[in-house]
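See below for the structure under consideration.
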Amino acid sequence: MPEEIEIKPCPFCGSTQVHMRDMATFPYVFCEQCNAYGPSMETKEEAILMWNKANGVNADLLATCELAVTYIEDGAPQTAADRLRKAIAKVGDQEASE
């Protein structure tokens, strides 16, 4: 029997209270702490791999979003938009290289 893939902690809140859910035959990973969820996939293994892959990307993107909110609150929406565009491009570049 193949080894089971470990589900990484939630990239949004850091909780380890994450587990599989099955939505009408399409499984996904769900965080009990903050209600975040990964994409529904055809298999449990694919759902875990997508959750784990998004884990690092989401942490970087979340930090950028938090910084952008600060810029908006400080009256610098253009700076916030520039930072967000760079983060989006970085995620796109990472996906294209895989």
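Couple of notes before you dig in:
- Of all residues making up region 77-89, the number that are within 16 Å of the chain's Cα centre (by Cα) and either under 16 Å from Glu66 (Cβ atoms) or modelled with pLDDT under 70 (or both): 3
- Ala96 more than 21 Å from Phe12 (Cα to Cα) and either modelled with pLDDT under 85 or surrounded by 13 or more Cβ atoms within 10 Å (Cβ to Cβ) (or both): yes
- Just so you know, in region 24-53 the residues that are touching a helix residue (DSSP H, G or I) at 6+ places or on another chain (Cβ under 6 Å) and assigned to a loop (DSSP other than H, G, I, E, B) include one that is farthest from Glu66 (Cα to Cα), and it is Met41.
- Looking across region 42-53 at every residue that is free of Cβ contacts under 8 Å to residues at least 40 places away in the same chain and under 15 Å from the mean Cα position of the chain (by Cα), the one that is nearest to Ala63 (Cα to Cα) is identified as Lys53.
- Region 6-23 - residue that is assigned to a loop (DSSP other than H, G, I, E, B) and β-branched (Val, Ile, Thr) and, of those, nearest to the chain's Cα centre (by Cα): Ile7
The values are calculated or read from the model by the stated rules, or taken from the named source; none is laboratory data. These numbers come from a predicted model, not from an experiment. All Cβ positions, glycine included, derive from the backbone under ideal geometry; neighbour counts span all protein chains shown.
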